[in-house]
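Note sheet for the following structure.
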């Protein structure tokens with residue numbers, strides 16, 4: 001079994017008129033448990049920690065599904081400023097693909113067939129640029 005958690009505090013709330021108030025979540029760490037071994041990534045940089053978590057998972061011999069704690073969804077629902085990027089192999093090269101809001105089938109075509117990473121909101125780095133950001 002593999003289990004993933006994001007530790008954070010705070011996050012935006014909403015007033016009676018649905019206006020967002022407060023501050024984005026204060027990120028602390030990503031934690032991965034594979035069987036009985038725990039990996040904690042707490043550099044203070046969510047993008048880097050998620051990237052390092054993915055590398056750690058690849059370096060285990062675990063081949064099953066990864067279950068995510070509700071904290072993963074809540075981190076983003078509470079306003080974490082990150083966008084998804086999906087890793088694909090194109091002509092034997094790693095390529096990040098981003099959400100295409102103009103294509104209603106995009107999720108089925110791209111997201112489900114890629115490995116999810118995260119990038120700072122509003123950016124679209126290449127996979128090589130993401131690797132550099134995560135050193």
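Things worth noting here:
- Taken residue by residue, the stretch 42-49 has no member that is closer than 26 Å to residue 132 by Cα, surrounded by 11 or more Cβ atoms within 10 Å (Cβ to Cβ) and out of contact with any strand residue (DSSP E or B) (no Cβ under 9 Å at 6 or more places or on another chain).
- Subset tally (residues that are part of a strand (DSSP E or B) and either touching a helix residue (DSSP H, G or I) at 6+ places or on another chain (Cβ under 6 Å) or under 14 Å from residue 76 (Cβ atoms) (or both)) for the stretch 27-46: 5
- Sole exception among (1) touching a helix residue (DSSP H, G or I) at 6+ places or on another chain (Cβ under 7 Å); (2) assigned by TED's automatic domain parsing to the domain that holds residue 31 for residue 62, by number: (1)
- Pair list, Cβ under 7 Å, 6 or more apart: the stretch 60-83 residue over 16 Å from residue 50 (Cα atoms), other residue surrounded by fewer than 16 Cβ atoms within 10 Å (Cβ to Cβ) and modelled with pLDDT of 95 or more: 78/12; 79/12
- Selection count, the stretch 8-18, where residues are within 17 Å of residue 45 (Cβ to Cβ) and surrounded by fewer than 17 Cβ atoms within 10 Å (Cβ to Cβ): 1
- Across the stretch 99-130, the qualifying residues are those that are assigned to a helix (DSSP H, G or I), surrounded by 14 or more Cβ atoms within 10 Å (Cβ to Cβ) and modelled with pLDDT of 80 or more, and the one among them that is nearest to the chain's Cα centre (by Cα) is 130.
- Output for the stretch 26-41, where each listed residue is touching a residue at least 24 places away in the same chain (Cβ under 8 Å) and either more than 14 Å from the chain's Cα centre (by Cα) or surrounded by fewer than 16 Cβ atoms within 10 Å (Cβ to Cβ) (or both): 33, 34, 35
- Test: residue in the stretch 90-98 that is within 14 Å of the chain's Cα centre (by Cα) and not in a strand (DSSP E or B): yes
The values are calculated or read from the model by the stated rules, or taken from the named source; none is laboratory data. The structure presented is a predicted model; accordingly, all values stated were derived computationally and were not measured. FYI the Cβ positions are ideal-geometry reconstructions off the backbone, even for glycines, and counts take in every protein chain you see.
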